[in-house]
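These notes are about the structure you will find just below.
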Amino acid sequence: MDFTSLIDVCIKGLKGFDAETQAADIRLQDILESNPHLEDSDENFVVEVFSGCVRHHALLVVTVENFYLDEGKKMLRKDSILYRIFSYLILFRLDDLGFQNFESFVAQQDNLKMYLFLKYLFDLPKLQSWLKTKWCNIYDSKYVEDSILPNLLNNMENAEKLISQLNDKLQNKAQPKKESTFTRPRPFKLTEVKPRSVPLPEPIPKVKPTNPIPSSTYKSPREEMELAKKKEEHRKKSEQMLDRVRTMSANHTKTAKSSKTQERLDTIVKESEAQLKFDSYKARPVPKKKKVPTATLR
């Protein structure tokens, strides 16, 4: 969450809170439940600021009231909670927060409000005189000198620069530009590559001479030759048996005829030849053509 939103959450939590009528723990729990989106670091900040403002309420109120009487005569009273929060951050948590982070919180607020309040709180003569006296009326002087004043005195130089920058912004003065630092190239620190050792060549293994190709590779196997020989023998036997069967069937078909059967066959042949009569008569020749006398022309 941004710095402005964190301060707004703290302001809403402290606004309307009365320690005499409401417990601080219950109020703090309500604040956290109404802001469930807070991250762990933001939640710790809200808890610390709310608890510190409640614990040091009397000192913070005195500090802010004197501000309205001194530098903040023209400032609005509704911003008193904002000044109490920044008073707590400066007086009790500035060293823990870090001045750079504190500047980020200040940059998100109104320049005039922050300028007048920081000018009032970091005024060394006022700080060592009547402002310190007001604080000693609430806390022990040793506690004020050992725990509160060091936060202001240790950051006095940074605070004066921040107050001057805020004054320049209010006066519309151009801020001095920071000198840009250019990146200077530097050579890479590369480790030197070690020379690789050349591996020795592996010895070529000696191959045993191969055996010559046997002559049987290009010849038909003995089994095939014997099988072909047996097939040829069976074929010849089959042909011989077939010839025998044919001769036996031809002999069986040529059976001798009886005499009576032979006589009947002869008579049938003679009768059929007699019916033919090839020499019984001759055919007549073709008649000759008669000559017709030609007529004479007159």
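Of the set (1) assigned to a loop (DSSP other than H, G, I, E, B); (2) surrounded by fewer than 18 Cβ atoms within 10 Å (Cβ to Cβ); (3) of a type in the set (Phe, Trp, Tyr), all apply to Tyr68 but (1).
Name the single residue, out of those in segment 10-52 being touching a residue at least 24 places away in the same chain (Cβ under 8 Å), in a helix (DSSP H, G or I) and acidic (Asp, Glu), that is nearest to Asp96 (Cα to Cα). Can you show your working first?
Kept after step one, since they are touching a residue at least 24 places away in the same chain (Cβ under 8 Å), are these residues of segment 10-52: 10-11, 13-15, 17, 19, 24, 35, 37-39, 42, 45-46, 48-52.
Going one step further and asking which of them are in a helix (DSSP H, G or I), we end up with 10-11, 13-14, 24, 42, 45-46, 48-52.
Those left that are additionally acidic (Asp, Glu): 42, 48.
Working: Asp42: 15, Glu48: 12 Å.
If we take residues in segment 10-52 being touching a residue at least 24 places away in the same chain (Cβ under 8 Å), in a helix (DSSP H, G or I) and acidic (Asp, Glu), then Glu48 is nearest to Asp96 (Cα to Cα).
Scanning segment 41-56 for residues that are among the small types (Gly, Ala, Ser) and open to solvent by 20 Å² or more (accessible area, probe 1.4 Å) yields Ser41, Ser51. Close contacts from segment 104-117, counting a first residue that is in contact (Cβ under 8 Å) with a residue 24 or more places away in the chain and a second that is β-branched (Val, Ile, Thr) and open to solvent by less than 70 Å² (accessible area, probe 1.4 Å), with Cβ to Cβ under 7 Å and a gap of 6+ residues or different chains, come to Phe105/Ile7; Gln108/Thr4; Met114/Val106; Tyr115/Ile163.
Does Lys74 count as modelled with pLDDT under 90 and in a helix (DSSP H, G or I)? Even if it seems obvious, please write down each step before you answer.
Working: modelled with pLDDT under 90: yes; in a helix (DSSP H, G or I): no.
Spelling it out, it is not the case that Lys74 is modelled with pLDDT under 90 and in a helix (DSSP H, G or I).
Give the number of residues within segment 52-66 that are closer than 11 Å to Leu14 by Cβ and among the hydroxyl-bearing types (Ser, Thr, Tyr). Count: 0.
The single condition among (1) closer than 23 Å to Lys132 by Cβ; (2) touching a residue at least 24 places away in the same chain (Cβ under 8 Å); (3) of a type in the set (D, E, K, R) that Glu65 does not satisfy is (2).
The single residue among Lys113, Lys142, Lys126 that is surrounded by 11 or more Cβ atoms within 10 Å (Cβ to Cβ), at pLDDT 85 or above and out of contact with any Ser or Thr (no Cβ under 7 Å at 6 or more places or on another chain) turns out to be Lys113.
Return the residue satisfying two criteria in turn: it lies in segment 145-161 and is touching a Phe, Trp or Tyr at 6+ places or on another chain (Cβ under 8 Å) and at pLDDT 85 or above, and of such residues it is surrounded by the most Cβ atoms within 10 Å (Cβ to Cβ).
Looking only at segment 145-161, we keep the residues that are touching a Phe, Trp or Tyr at 6+ places or on another chain (Cβ under 8 Å), and these are 147-148, 151-152, 155-156, 158-160.
Next, only the ones that are at pLDDT 85 or above stay: 147-148, 152, 155-156, 158-160.
Numbers: Ser147: 13, Ile148: 19, Leu152: 18, Asn155: 18, Met156: 11, Asn158: 15, Ala159: 21, Glu160: 14.
By that ranking, first place goes to Ala159.
Report yes if Gln100 is among the polar types (S, T, N, Q), within 56 Å of the chain's Cα centre (by Cα) and assigned to a loop (DSSP other than H, G, I, E, B), otherwise no. No, not satisfied.
The values are calculated or read from the model by the stated rules, or taken from the named source; none is laboratory data. None of these values were measured; they are calculated from a predicted model. Glycine also receives a Cβ, built like all others from the backbone with ideal geometry; neighbour counts cover every protein chain displayed. Heads up: the accessible areas ignore ligands, DNA and RNA and are worked out on the full protein's heavy atoms, side chains in. Shrake-Rupley method; radii C 1.70, N 1.55, O 1.52, S 1.80 Å.
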